[in-house]
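Here is the structure we will look at.
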Amino acid sequence: MKDVFIVGSKGIPANYGGFETFVDNLVTRQVNPKIKYHVSCMTFDKSVKQYDYNGAECQEIYVPNIGGAKAILYDLRSLDWALDTIKERNLTDGIVYILACRIGPFLHKYIKKFHNHGFKVWVNPDGHEWKRAKWSAPVRKYWKVSEKLMVKNADFLICDSKSIEEYIHEDYRKYNPQTTFIAYGADITPSTLKQDDKKVVDWFNKHDVKLNEYFLIVGRFVPENNYETMIKEFMKSKVNKDLVIITNVEKMLFTIV
């Protein structure tokens with residue numbers, strides 16, 4: 001049996017987010033019975049619990065809601081949990097899979113401990129987090145340094161984008177990173193809803209949208225998704241259709257005049 005500890009997603013079952021959806025599908029669609037998944041799950045409730053989800057062992061990890069820094073603390077506490085579990089159960093063959101590059105400055109102190117128990121550390125480097133406009137300059141600098149140290153210390157990196165894999169090899173060639181590319185999957189099951197279903201008709205009527213008379217954008221409301229540009233350019237166009245945007249507006253990023 002190979003034990004795989006997954007650190008860095010907010011938890012499963014997935015509610016929202018790419019990593020969460022990935023982990024949910026990974027354990028739900030498991031084929032190889034010789035793999036046991038252990039998944040850390042973030043909680044703000046001090047009364048943490050452990051539970052089973054489609055065969056995966058899920059452990060809640062408490063972190064105080066301290067803003068952006070809670071993600072770093074969460075990853076570190078998750079690694080502590082993984083290491084404690086490995087020691088307590090005398091596990092000797094497995095992988096610790098870390099999602100994203102938040103804890104680079106701290107990873108080196110864990111690597112040897114995991115290696116001593118026969119565990120490798122794999123990392124998904126995610127995207128160019130250090131370029132995102134949502135972060136201040138000091139935070140972006142931290143992200144870049146953290147990414148470098150994650151790449152340097154990881155045994156293996158799984159990139160879900162070919163361009164990210166190329167970037168890892170170009171920018172960090174001196175570390176000779178071992179990588180592979182595995183694309184995100186997608187649920188391509190056709191919707192069972194029909195255009196005349198009451199649920200569809202009610203939604204269209206509520207939002208004053210006409211069938212086939214709109215363009216649709218779905219995505220997170222973050223600067224790098226360029227909503228301001230898309231909206232302004234659409235307003236300049238002569239297209240006689242509506243623009244429908246489905247997103248999560250937590251904070252306005254711009255003003256359309």
Checklist entry - If we scan region 13-29, do we find a residue that is closer than 29 Å to ILE164 by Cβ and in contact with a Pro (Cβ under 8 Å, 6 or more places away or on another chain)? => result yes
Checklist outcome for this item: Picked from region 143-164 (must be over 21 Å from LYS112 (Cβ atoms) and part of a loop (DSSP other than H, G, I, E, B)), the residue farthest from the chain's Cα centre (by Cα) is SER161
Checklist entry - Pairs, please: C-beta under 7 Å, at least 6 apart or cross-chain, first residue within 18 Å of LEU107 (Cβ to Cβ) and in region 134-151, second among the basic types (Lys, Arg) and outside any helix (DSSP H, G or I)? => result SER146/ARG102
Checklist outcome for this item: Scanning region 123-141 for residues that are among the charged types (D, E, K, R) and within 12 Å of the chain's Cα centre (by Cα) gives ASP126, GLU129
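Residue-by-condition table, conditions (1) among the aromatic types (Phe, Trp, Tyr); (2) assigned to a strand (DSSP E or B):
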position	(1), (2)
TYR97	yes, yes
TRP130	yes, no
LYS141	no, no
GLU166	no, no
Next on the checklist: Checking the conditions here, which among ASN240, ASN205 is farther than 20 Å from ASN124 by Cα and part of a loop (DSSP other than H, G, I, E, B)?
Outcome noted: ASN240
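Yes or no, residue by residue, for (1) of a type in the set (Ser, Thr, Tyr); (2) over 30 Å from ASN226 (Cα atoms); (3) surrounded by 16 or more Cβ atoms within 10 Å (Cβ to Cβ):
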residue: LEU99; (1), (2), (3): no, no, yes
residue: TYR110; (1), (2), (3): yes, yes, yes
residue: HIS115; (1), (2), (3): no, yes, no
residue: TRP122; (1), (2), (3): no, yes, yes
residue: ASP126; (1), (2), (3): no, no, yes
Checklist entry - Which pairs do you get when a residue that is touching a residue at least 12 places away in the same chain (Cβ under 8 Å), found in region 152-163, comes within reach of a residue that is β-branched (Val, Ile, Thr) and assigned to a loop (DSSP other than H, G, I, E, B), reach meaning Cβ atoms under 7 angstrom, with the pair 6+ apart or on two chains? => result ILE158/ILE182; ASP160/ILE182
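Every read-out reported here was derived from the displayed coordinates using simple, explicitly stated rules and does not represent laboratory data. All values reported here derive from a predicted model rather than from experimental measurement. Ideal geometry is used to build each Cβ from the backbone, glycine not excepted, and the neighbour counts take in all protein chains shown.
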